[in-house]
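Below: the structure, in structure tokens.
The values are calculated or read from the model by the stated rules, or taken from the named source; none is laboratory data. These figures come from a predicted structure and were not determined experimentally. Glycine also receives a Cβ, built like all others from the backbone with ideal geometry; neighbour counts cover every protein chain displayed.
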Amino acid sequence: MQEKGYSRREFMQFCAVAATAAGLGRTGVAQVASAFEKKEKPAVVWMHFQECTCCSESFIRASHPIVIDALLDVLSLNYTETLMAAAGYQAEKSLNDTIRCHKGKYIVLVEGSVPTGDEGVYCMVGGKTAESILQTVAKDAAAIVAWGSCASNGCIQGAKPNPTGATPIHKLVDKPVINVPGCPPIADVMMGVVTHLLVLGQIPALDSQGRPKEFYGRRVHDTCYRRPNYDAGLFVESFDDENARKGYCLYKMGCRGPITYNACSVTRWNGGVSYPIQSGHGCIGCSEAGFWDNGPFYQHLPSFPGFGIESTADTVGTVVGAATLVGVAAHAVVTSIRKRSVIAEVHAEDQKES
Amino acid sequence: MTRVIVDPITRIEGHLRVEAIVENGVITDAFSSGTMVRGLENILAGRDPRDAWAFVGRVCGVCTTVHSLASVRSVEDALRVAVPPTAELIRNIMLTTQYVQDHVIHFYHLHALDWVDIVNALKADPKKAAELAQSFSRWDKNTSAYFAGVQDKIKAFAASGLGIFANGYWGHPAYKLPPEVNLIAVAHYLDALEWQKEVVKIHAVFGGKNPHPNYLVGGVPCSIDVNELGAINSDRLNLVARLIGEADEFINQVYIPDLLAVASFYKDWAKWGGGLTNYLSYGEFPTKGYNHPESFKYARGVVLNRDLSHVHPVDARDPQEIREYIGSSWYDYKGGDAAGLHPWAGETKINYSGPKPPFETLEGHAKYSFVKTPRWKENPMEVGPLARLLVSYASGHTDVQELVKDTLGKLNVPVNALFSTLGRTAARGLDAALAMIWLKEFFGQLMERVKINEVSTFNGERWEPKTWPANAEGVGLVEAPRGSLAHYIKIHDGAIENYQLVVPTTWNGSPRDAKGQRSSFEQALIGTPVAKIDEPVEILRTIHSFDPCLACAVHLYDPQGRHLHQVSFE
């Protein structure tokens, strides 16, 4: 970092922010500083619980950087059941070595929800429950990222009646979690979050649901290239009708763009090739908590006056789908209080030093 | 006798545990256990059948698209909806694209490290590697400068701790490739990772995104209009054409040559891993509609006892043919553990009766998996690329026969070499080569239809629920990259009454049935040698040859609960 032109003071400030957001408190700052001062790539473990591996598949679709460059140059991915060479005992060794040798410094990326029903037997790895594994890896983590809607909000297995008690990560660990929802999240969004954390060395600014504002601060509807059709009252009335071929608005086909915060219509998918609306299907709202129970997908939303483009999830999210958001928001408040107290602590110590 | 436990089995989708009994260096029995469940079938009840494709698409993000396709087919079957030919072509393009991408990922990123020693590649002479690669491929990247560059990357990577390659079985005596072949394979591992993100852009064009592109009951969601900016137009078709061209080059100049090069050093693996002798394929790639399986590129049928002179017909609707059992699975049936249920009458009541976690072994538990056990007329069946090729071969599909014979000739092995771990892995390559040929063909046909403006992509006659009967049932069959996939739906008053999935790994990875008959994974492991029980790479070779898709895990414990490599018992 210092080689890249940061002053010592700037560097320590950055570490304070990183450690604060990571819930380490002041003592953690020294750990984070040493992690970034060394040439060593940050150690990362990628956990797999109740998921379909679409997040891993999406991650390897990244176009900038391409995933192999990230794996070789940006981070040391020491554990991921999808790609790692080791299996069984040797795989577990890779995980345990990382926890032991990088205590307080490693990053945990979680794909999948954790089932808490029936004492956790609905997801077991190596004879241990997902919940017990999560607690083990989370304990000494510098930061935790919840990849995708499963880890962020329970996604499909959390849909009614949630037979296995699928639970998002932030409800199970006692430290802040960066939620990167979507089914899956866009590859370049995932890579952006990695860059934010590991290259820029910052916890991204988060909204009340713990989502990076950089990618989840705007509604799909507000940034959609078909938005002028909505404003002009030009709608697709049936799939593949004349209006569909003209690329009119998909609102009447059930598009969830007006209530969905995601980067799809700006970043787009697969290296910018398209996104669902561009290819003729409405948004199903896959980055919003409870979206599976917000259907049927082809039934259009109730009359929608249209919020201003400046609205964010923090202000509008409480109006739309309020019931599903209450629990999440309550957690976020607790999280943010905890964060604020740590930040105050760091500032106090900073002033003592200077 | 030693019980070798591998959990997590990595480089698969999902959570799989294998417990194998090894006697005198050879596996004599095995138990395959799926250790994760989400209960999706229960979540689907009461939903709008038109939404089901989105829900069940999330069964798997590795074999993305295939469950969505099976779902829309099941609903269309139930509601008697005919899909427009242009939409059928786009679906075929989506599925062949998935074959091509998925098999390359499997070969390089999920399976190759069982055969390729990355660390040994550092010893290779890049010049010799280039000469060798150029002798079997005209891919223009295969130069000595390129291989030297890859070697430098791996050296730097090894110095920084190896990351995802740490703690592999490097140096294990079962690795047989010369350093130059290892280097070629490692270089193409990196290239394949870069290429796979390109080919799936075909899914993004027609389905808006990948993983999990969009599908639609009655057709496909995209529209084609070469005079509009907002539809699939000539620019979009040009992009698809370019991606298909690049895929053709990668399959035929990288994947297939590498597969043959690696296979030629592992011919002893044509002796092991054969497993079951029965093969099932639902057939795939309709050319005259889903209800005309005789027109499919891959044939529908069953081969029993490896008898390629006879193909048995398959009727997925017949309650006597496909049935699922739970005698060894953590479920309850109203009719008891001995009952076998046709999926339309299927039940999904989870009842875990295994050991309380953390546990060391599943030994002694009659039920040991979250996977149900499907049978065809009471027979266990292997599904997947090998099964598809054998059923089509036996059905007289000449394109399949010629490709199989040609490949066996190149490897100089007899036809029974197919019934093995090596044969299964080779069959997957041929499956990709055929899919590549058909992908080009389907795209050519799509262009012909665009020329004459036959571009309708949606049949909305049965879109509105008021047009549906009060009760309907349908089945959606797909040959997914990993094998035969069936979705069964029952619709009542416009909502899903019952939804059951019988997926490829349910066939291959299930526990034994009430008669004690093993399924594919368990049977294929029997007879496999294990040189070092603390590094059971041979188990991974055979299990990975099926390309499992569940939720995974490999751990070895001693009775005190400390982690060891094995449990010994009398």
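The sole residue among B:GLU41, B:GLU76 that is part of a helix (DSSP H, G or I), charged (D, E, K, R) and facing chain A (nearest Cβ under 10 Å) is B:GLU41. Selection of the range A:122-173 for residues being of a type in the set (Ser, Thr, Tyr), touching a Cys at 6+ places or on another chain (Cβ under 6 Å) and closer than 25 Å to B:SER33 by Cα yields an empty set. For B:LEU229, the conditions (1) facing chain A (nearest Cβ under 7 Å); (2) surrounded by fewer than 21 Cβ atoms within 10 Å (Cβ to Cβ); (3) assigned to a helix (DSSP H, G or I) are fulfilled apart from (3).
In the set (1) modelled with pLDDT of 90 or more; (2) more than 8 Å from every other protein chain (Cβ to nearest Cβ); (3) touching a Phe, Trp or Tyr at 6+ places or on another chain (Cβ under 9 Å), the condition left unmet by A:ASN96 is number (3). Residue count for the range B:19-38 satisfying the condition of being surrounded by fewer than 18 Cβ atoms within 10 Å (Cβ to Cβ) and not in a loop (DSSP other than H, G, I, E, B): 4.
Scan the range A:99-140 for residues that are away from chain B (no Cβ under 13 Å), out of contact with any Asp or Glu (no Cβ under 6 Å at 6 or more places or on another chain) and among the basic types (Lys, Arg) and the total you get is 3. Inside the range B:419-460, can you point out the residues that are in contact (Cβ under 8 Å) with a residue 60 or more places away in the chain and charged (D, E, K, R)? Within the range B:419-460, B:ARG424, B:ARG428, B:ASP431, B:LYS440, B:ARG449, B:GLU454 meet the criteria. Counting only residues that are in a loop (DSSP other than H, G, I, E, B) and facing chain A (nearest Cβ under 9 Å), the range B:1-18 holds 7 of them. In the set B:LEU89, B:LEU95, only one residue is closer than 19 Å to B:GLU246 by Cα and either among the aliphatic types (A, V, I, L, M) or without any contact (Cβ under 8 Å) to a residue 40 or more places away in the chain (or both); that residue is B:LEU95.
Modelled with pLDDT under 95, in a helix (DSSP H, G or I), touching a strand residue (DSSP E or B) at 6+ places or on another chain (Cβ under 9 Å) and over 24 Å from A:VAL180 (Cβ atoms): is that true of A:ASP118 in this structure? Yes, satisfied.
Tallying residues that are among the hydrophobic types (A, V, I, L, M, F, W, C) and within 23 Å of the chain's Cα centre (by Cα) within the range A:86-120 yields 7. For the range B:115-136, does any single residue satisfy the condition of being of a type in the set (Phe, Trp, Tyr), within 14 Å of chain A (Cβ to nearest Cβ), touching a Phe, Trp or Tyr at 6+ places or on another chain (Cβ under 9 Å) and surrounded by 23 or more Cβ atoms within 10 Å (Cβ to Cβ)? Yes, because at least one residue in the range B:115-136 is of a type in the set (Phe, Trp, Tyr), within 14 Å of chain A (Cβ to nearest Cβ), touching a Phe, Trp or Tyr at 6+ places or on another chain (Cβ under 9 Å) and surrounded by 23 or more Cβ atoms within 10 Å (Cβ to Cβ). Taking (1) more than 30 Å from B:ASN291 (Cβ to Cβ); (2) facing another protein chain (nearest Cβ under 7 Å) in turn, B:ASP48 satisfies each apart from (1). Taken over the range B:341-361, residues that are buried (at least 22 other Cβ atoms within 10 Å of the Cβ) and either within 8 Å of chain A (Cβ to nearest Cβ) or more than 25 Å from the chain's Cα centre (by Cα) (or both) amount to 0. If you go through the range B:379-406 and keep only what is assigned to a helix (DSSP H, G or I) and more than 21 Å from the chain's Cα centre (by Cα), you end up with B:ALA394, B:THR398, B:ASP399, B:GLN401, B:GLU402, B:LYS405, B:ASP406. Scanning the range B:147-169 for residues that are surrounded by 15 or more Cβ atoms within 10 Å (Cβ to Cβ) and at the interface with another protein chain (Cβ under 7 Å from one of its Cβ atoms) yields a total of 9.
Of the residues examined, B:GLU448 is one that is among the charged types (D, E, K, R), part of a helix (DSSP H, G or I) and modelled with pLDDT of 95 or more. Among residues of the range A:209-267 being among the hydrophobic types (A, V, I, L, M, F, W, C) and under 26 Å from the mean Cα position of the chain (by Cα), the one that is surrounded by the most Cβ atoms within 10 Å (Cβ to Cβ) is A:CYS255.
Scanning the range B:351-367 for residues that are at positive phi and touching a residue at least 40 places away in the same chain (Cβ under 8 Å) turns up nothing.
Within the range A:194-252, being within 13 Å of chain B (Cβ to nearest Cβ) and acidic (Asp, Glu) holds for A:GLU237, A:ASP240, A:ASP241, A:GLU242. In the range B:176-223, the residue that is surrounded by the most Cβ atoms within 10 Å (Cβ to Cβ) out of those that are hydroxyl-bearing (Ser, Thr, Tyr) and more than 7 Å from every other protein chain (Cβ to nearest Cβ) is B:TYR215. The residues of the range A:56-82 that are more than 7 Å from chain B (Cβ to nearest Cβ), of a type outside the set (Phe, Trp, Tyr) and in a helix (DSSP H, G or I), listed by number, are A:SER56, A:ASP69, A:ALA70, A:ASP73, A:VAL74. Taken over the range B:79-137, the criterion of being polar (S, T, N, Q) and touching a helix residue (DSSP H, G or I) at 6+ places or on another chain (Cβ under 9 Å) is satisfied by B:THR86, B:ASN92, B:THR96, B:THR97, B:GLN98, B:GLN101, B:ASN120, B:SER137. Among the helices (runs of 4 or more DSSP H) confined to the range A:223-270, the ones with at least 2 residues that are farther than 22 Å from A:GLY148 by Cβ, modelled with pLDDT of 95 or more and not charged (D, E, K, R) are located at A:227-231, A:242-246.
Pairs meeting the criteria (first residue in the range A:281-298 and at positive phi, second residue of a type outside the set (Gly, Ala, Ser) and part of a loop (DSSP other than H, G, I, E, B), beta carbons under 8 Å, at least 6 apart or on different chains) are A:GLY285/A:ARG256; A:GLY285/A:THR260; A:GLY285/A:ASN294.
Taking the numbered list (1) touching a helix residue (DSSP H, G or I) at 6+ places or on another chain (Cβ under 7 Å); (2) surrounded by fewer than 17 Cβ atoms within 10 Å (Cβ to Cβ); (3) part of a helix (DSSP H, G or I) in turn, B:HIS172 passes all entries but (3). Taken over the range B:62-73, the residue count meeting the criterion of being within 13 Å of B:ASN214 (Cα to Cα) and at the interface with chain A (Cβ under 10 Å from one of its Cβ atoms) is 2.
Within the range B:529-541, residues that are in contact (Cβ under 8 Å) with a residue 24 or more places away in the chain and facing chain A (nearest Cβ under 8 Å) reach partners that are surrounded by 17 or more Cβ atoms within 10 Å (Cβ to Cβ) and not hydrophobic (A, V, I, L, M, F, W, C) with beta carbons closer than 6 Å, at six or more positions or on different chains, in the pairs B:ASP534/B:HIS565; B:GLU535/B:TYR169; B:LEU540/B:ASP114.
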